[in-house]
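Visitor: My questions will all concern the structure given below.
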Amino acid sequence: MALPLLDARELVKHYGSVEALRGASFTAHAGEVVALVGDNGAGKSTLVKCLSGVVRPDSGEVLFDGSPVVLDSPPAARALGIETVYQDLAVAPDLDPAANLYLGRELRRPGLLGRLGVLDRREMRRRAAASFEELGVTLPSADAPVGSLSGGQRQSVAVARSVVWASRLVFMDEPTAALGVVQRERVLDVVRRVRDRGMAVVLISHNMPEVLAVADRVEVLRLGRRVARFDAASTSVEELVGAMTGALTQEDS
């Protein structure tokens, strides 16, 4: 297999006396969906925070494209082309989809108006519409505030925003939580489209059937360590649950 795009080795993270990561390792390759699964308290959220620049591990090493990197802030991760879709979405409900897509990265009008801080709303909407179309995201109106959209549509906007700005890797934390069947499938279709663009997608989910439906590989965390890795096409929900609970052991190589 080709060199991993992201290769985290033996990460350790303490919060006071609590050891959230106990030598956790993780790999992700370009052009794949790799699921990160584990029971509550396994260390998934802490690992993602370490790999997206939110917190720094106490020890361990992270390689990106084979070179050591220091992910000491979200901007440092974004500079490498890494974006994150958080479970709480972090969308601005009063703004329209295009404004959410460019939130914090607004385009300004050319010339003097731009220097005076006037935003180029027409260009942002044009580019946003092209991005939504490319990802297969269908919205009822370009003008409707995101807060008026369905849960699946809001999630699709959040996913699209990260994908538009990511160039290499996207972390997706429970992207289909609390969605209905139809909405869930729409979001998973966006995940597949992102993978097919050659990016790495890291899917964090408790929904094992969903994981097997969309992931190419699965890595399992338990008690702050990676305990198993599976090819999604040749494993089962029972094997994943067994690895998560400790009922099934697999040598981690």
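The values are calculated or read from the model by the stated rules, or taken from the named source; none is laboratory data. Predicted model, so just to flag it, every value in this text is computed and none were measured. Counting neighbours? That spans all protein chains shown, and the Cβs are built from the backbone with ideal geometry, glycine included. Calculation scope for accessible area: heavy atoms of the full protein, side chains included, ligands and nucleic acids excluded. Shrake-Rupley method; radii C 1.70, N 1.55, O 1.52, S 1.80 Å.
Visitor: Largest first, please: the extent of the C-alpha atoms of the chain along each principal axis, to the nearest Å.
Guide: 61, 38, 36
Visitor: OK, next. What is the extension gain from Ser59 to Asp196, computed as 0.36 nm multiplied by their sequence separation minus the C-alpha to C-alpha distance, in nm to one decimal?
Guide: Answer, rounded to one decimal: 46.0 nm.
Visitor: What number, in percent, do you get for the relative contact order of the stretch 1-151 if the mean sequence gap of Cα pairs under 8 Å and at least 6 apart is divided by its residue count?
Guide: 19 percent
Visitor: Using +1 on the beta carbon of Lys and Arg, -1 on that of Asp and Glu, and nothing else charged, what's the dipole of the chain about the Cα centre, debye to 20?
Guide: Result for the chain is approximately 920 debye, rounded to the nearest 20.
Visitor: Still on this structure: Using the heavy atoms of the protein chains and a 1.4 angstrom probe, tell me the accessible area per residue for the chain in square angstrom.
Guide: Result: 47 Å² of accessible area for each residue.
Visitor: Further, regarding this structure: Only Cα pairs under 8 Å and at least 6 apart count here; give the relative contact order of the chain as a rounded whole percent.
Guide: 26 percent
Visitor: Roughly how big is the stretch 92-165's charge dipole about its Cα centre, with Cβ charges of +1 (Lys, Arg) and -1 (Asp, Glu), in debye to the nearest 20?
Guide: Dipole magnitude for the stretch 92-165 comes out near 300 debye.
Visitor: Right, another one. Roughly how tilted is helix 151-165, in degrees to the nearest 10 and between 0 and 90, from the longest Cα axis of the chain?
Guide: On a 0 to 90 degree scale, this one is about 90.
Visitor: Hey, got the dipole for the stretch 6-56? About the Cα centre, +1 on K and R Cβ, -1 on D and E Cβ, debye to the nearest 20?
Guide: Computed charge dipole of the stretch 6-56: roughly 200 debye.
Visitor: Further question: Which one of Leu139, Val163, Leu107 has its Cα pushed farthest toward the positive end of the charge dipole of the stretch 92-165, where Lys and Arg give +1 and Asp and Glu give -1 at the Cβ?
Guide: Highest projection toward the positive end goes to Leu107.
Visitor: Return the tail of the calculated pair distribution for the stretch 147-202, meaning the percent of Cα-Cα pairs more than 12 Å apart.
Guide: When every Cα pair of the stretch 147-202 is considered, 62 percent fall beyond 12 Å.
Visitor: Quickly work out the Val118-to-Ala76 label distance, labels modelled 7 Å from Cα along the C-beta direction, and quote it in nm with one decimal.
Guide: 4.1 nm
Visitor: Sticking with this structure for a sec: Taking the Cα atoms of the stretch 92-165, report the difference between the largest and smallest coordinate on each principal axis, in whole Å and largest first.
Guide: For the stretch 92-165, the Cα spread along each principal axis is 39, 24, 18 Å.
Visitor: So how much slack lies between Arg108 and Glu10, counting 0.36 nm per residue of separation and subtracting their Cα-Cα distance, in nm?
Guide: My answer for the length gained is 30.9 nm.
Visitor: Enter the Cα centre distance for the pair the stretch 161-232 and the stretch 1-55, rounded to the nearest angstrom.
Guide: Here the two parts' Cα centres lie 14 Å apart.
Visitor: Using a Gaussian network model of the chain with C-alpha springs under 10 Å, which one of Leu221, Leu139, Leu103 is most mobile by mean-square fluctuation?
Guide: Comparing Leu221, Leu139, Leu103 in a Gaussian network model of the chain, the most mobile one is Leu103.
Visitor: With unit charges on the beta carbons (Lys and Arg positive, Asp and Glu negative) and the dipole taken about the Cα centre of the chain, which residue among Ala35, Thr176, Ser17 sits farthest to the positive side?
Guide: Of the options given, the answer is Thr176.
Visitor: Return the calculated 222 nm mean residue ellipticity for the chain, to the nearest 500 deg cm²/dmol, obtained by summing -39500 (n - 2.57) across DSSP H runs with n ≥ 4 and dividing by the residue count.
Guide: -9500 deg cm²/dmol
Visitor: Sticking with this structure for a sec: For the stretch 92-165, what's the relative contact order in percent, using C-alpha pairs closer than 8 Å and at least 6 residues apart?
Guide: 43 percent
Visitor: Additional query: Can you tell me which of Leu188, Leu107, Leu11 moves the most in a GNM of the chain? Springs connect C-alpha atoms under 10 Å apart.
Guide: Between Leu188, Leu107, Leu11, it is Leu107 that shows the largest mean-square fluctuation.
Visitor: Hey, got the Cα dimensions of the stretch 28-172 along the principal axes, in Å, largest first?
Guide: In descending order, the Cα extents are 47, 37, 26 Å.
Visitor: Still on this structure, please answer the following. Please report Rg (one decimal) and Dmax (integer) in Å for the Cα set of the stretch 131-242.
Guide: Radius of gyration, then largest Cα-Cα span, for the stretch 131-242: 15.0, 47 Å.
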